[in-house]
Amino acid sequence: IRKNCPFKIDIGAIFNHKPRIHKSIQPGNFRAESKELVFDIDMTDYDDIRTCCSDANICHNCWTFVKIAIKIIDRALSEDFGFSHRLWVYSGRRGVHCWVCDPQARKLSQSARTAIAEYLTLVKGNDQQLKKVSLKQPIHPSINNALSIIDEYIETLVMEQDYLSSEERCNKLVRCLPRRYSEQLQEDWKARNETSWTRWQRMESVLNKDTDDRTCKEVKLQYSYPRLDVNVTKGLNHLLKSPLCVHPKTGRVCVPINLKEIDDFDPFAVPTVSQLCHEFETRTDGKKDYHCTSLAPYMTTFVHFVTSLQSSSSAQRRKSGATSMDF
Ligand SMILES: [Zn+2]
């Protein structure tokens, strides 16, 4: 790496032959054998529910969506699928990646990856479709768990995005509700000059009076549930930027996120390459390793992740060695 000095590294699958010789091998015989199970969350996929920014721009308010997404996906990967080795990294610009590195995850076929991506996808439909979440009864426990996470953030989110601050925004929201509610809600909202959160609570109490409790949940999910770029998860041939690369547009390092401190993670405080150079240059003791830079706390998260992965795979090897001794 030092000799070639790449400005960016993408990571893909491990193939059954060396990539260098893939042109001399018949197409069908060059196969991906294993790859981390990866997830990509990108703020551009939230443009239908973001009022603060659009396209490649992000702000602190956008980051609330990311926190909700990380918590929901991470819980499902851990509790529903039993994956232990999950590394979350900030992409350096407008999203996050998750690398699931358990041996079972790395061996998953394309169809299994597709099934997991679909299990985690609730918001469906194109820009023309107004109602994008449709729940079936009984509601799956995983969705109820996601809703509990959303409940921790919903007030912050509704206030930050100011979802019900104008007639236009109110109209947009009622269009994803059954017709029987729209008139009453619009009148209620119009009659009082209230904050988005008070209006939201008013809506929840109206919707919750219904014997069918799905409508209220569907709205909450539509306005906050993670949007995954499923093609990144499905494909074994897809490449993803390596952790610790520098984002070419922002100069920020693609740093691991400590999930224990997820609520304090600030994407705008992540060190840039020029900041790190400056930190090196201004050191008087001449030390030049990451421990003496603002990258240190992120590297602690990374080292902790790698160490735990290494110790579980060597324990696995000892276990399979012991089994063969039994013979
Ligand atoms: Zn924003």
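Values as computed for the structure displayed
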{"quantity": "Residue ID - nearest to the ligand (Cβ to nearest atom), chosen from residues in the stretch 34-62 that are open to solvent by 50 Å² or more (accessible area, probe 1.4 Å) and without any contact (Cβ under 8 Å) to a residue 40 or more places away in the chain", "calculated": "Asn57"}
{"quantity": "Test: residue in the stretch 64-86 that is farther than 22 Å from Pro256 by Cα, outside the structural domain of His140 (by TED's automatic domain parsing) and free of Cβ contacts under 8 Å to residues at least 24 places away in the same chain", "calculated": "no"}
{"quantity": "Answer residue from the stretch 1-58, given it is part of a helix (DSSP H, G or I) and hydrophobic (A, V, I, L, M, F, W, C) and is farthest from Gln222 (Cα to Cα) among those", "calculated": "Ile21"}
{"quantity": "Residues satisfying the stated conditions in the stretch 255-277, i.e. part of a loop (DSSP other than H, G, I, E, B) and among the polar types (S, T, N, Q)", "calculated": "Asn258"}
{"quantity": "Candidate set from the stretch 226-254 (those that are open to solvent by less than 20 Å² (accessible area, probe 1.4 Å) and part of a helix (DSSP H, G or I)); member that is nearest to Ala105 (Cα to Cα)", "calculated": "Thr233"}
{"quantity": "Conditions (1) open to solvent by less than 20 Å² (accessible area, probe 1.4 Å); (2) assigned to a helix (DSSP H, G or I): number failed by Arg202", "calculated": "(1)"}
{"quantity": "Residue that is within 16 Å of the ligand (Cβ to nearest atom), outside the structural domain of Pro141 (by TED's automatic domain parsing), within 16 Å of the chain's Cα centre (by Cα) and closer than 23 Å to Glu261 by Cα, where the choices are Val89, Val96", "calculated": "Val96"}
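The values are calculated or read from the model by the stated rules, or taken from the named source; none is laboratory data. Source: prediction; values computed, not measured. No Cβ is skipped: glycine too gets one built from the backbone with ideal geometry, and neighbour counts run over all protein chains shown. The area values use the complete protein model at the heavy-atom level, side chains included, leaving out ligands, DNA and RNA. Shrake-Rupley method; radii C 1.70, N 1.55, O 1.52, S 1.80 Å.
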